[in-house]
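This report refers to the structure that appears directly beneath it.
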Amino acid sequence: MTDFDALYRSDPDPWSVASSWYERRKRGLLMAALPRERYRHALELGCGTGEMTRLLALRCATLHAVDGSAAAIALCGKAIAADGLSNVRLSILQLPHDWPVQQDESADLIVVSELAYYFPDAQLNEFLRCCMHRLAPAGEWVMCHFRRDFHDRVQATGLLHRAVGRLPGLRRIVAHEDEAFLLDVWRKDDGASA
């Protein structure tokens with residue numbers, strides 16, 4: 001797997017997340033796809049340098065942004081501090097082994113963008129299980145992933161999104177199929193009987 005710390009140390013924006021049209025367009029579509037204007041507590045898994053984090057923070061009472069790279073988290077921290085965002089908590093965690101949500105904490109929004117295709121099967125299954133467990137009733141789960149092949153991809157984007165779609169208790173409410181990426185939003189059953 002890629003050494004993301006080394007990558008971020010050699011280039012603070014290795015994928016041109018701040019400037020590329022692909023990334024800016026994807027962020028805009030993802031934010032527009034969120035069904036609610038405001039969220040109580042969001043979890044962003046794989047926050048990188050914080051471009052999406054900064055946008056999510058404006059729509060969430062609290063946001064917990066997580067990345068496995070200390071270098072990326074340092075850059076994200078600088079970005080949110082520069083914006084004066086005090087509702088964001090940052091964590092350096094190796095997913096899915098380290099899980100960022102406390103036992104009694106749930107999220108009404110989980111955002112997974114450009115991350116899950118790095119997980120081998122066993123880790124992917126654990127990751128999906130943890131997301132499902134921590135998603136609050138009626139909470140929304142966003143998956144957004146690049147479709148084209150690249151050297152350290154482990155999972156195909158279509159497979160990832162189909163795997164989430166097969167989880168019991170989720171209903172897809174937004175589907176955007178782009179030639180470059182897939183963007184899906186699922187809502188968890190609220191637990192109320194019909």
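The values are calculated or read from the model by the stated rules, or taken from the named source; none is laboratory data. Note that the structure is predicted; figures quoted are calculated from it, not measured. Cβ placement follows ideal geometry from the backbone for every residue including glycine, while neighbour counts extend to all protein chains displayed.
At a glance:
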quantity	calculated
Hits in the stretch 146-178 (condition: surrounded by fewer than 12 Cβ atoms within 10 Å (Cβ to Cβ) and of a type in the set (S, T, Y))	none
Selection within the stretch 58-109 - among the hydroxyl-bearing types (S, T, Y), in contact (Cβ under 8 Å) with a residue 60 or more places away in the chain and more than 20 Å from C144 (Cα to Cα)	S106
Among (1) closer than 27 Å to A6 by Cβ; (2) surrounded by fewer than 18 Cβ atoms within 10 Å (Cβ to Cβ); (3) in contact with a Gly (Cβ under 6 Å, 6 or more places away or on another chain), the one test that H97 misses	(3)
The stretch 144-194, residues that are without any contact (Cβ under 8 Å) to a residue 12 or more places away in the chain, under 23 Å from Q123 (Cα atoms), hydrophobic (A, V, I, L, M, F, W, C) and part of a loop (DSSP other than H, G, I, E, B)	F150
Qualifying residue in the stretch 132-144 (condition: over 25 Å from R54 (Cβ atoms) and buried (at least 17 other Cβ atoms within 10 Å of the Cβ))	yes
Criterion (closer than 13 Å to G46 by Cβ and acidic (D, E)) met by exactly one of E114, E126, E140	E114
All positions within the stretch 56-79 that are surrounded by 21 or more Cβ atoms within 10 Å (Cβ to Cβ) and β-branched (V, I, T)	V66, I73
Wholly within the stretch 2-87, helices (runs of 4 or more DSSP H) carrying at least 2 residues that are at pLDDT 95 or above	21-33, 51-57, 70-82
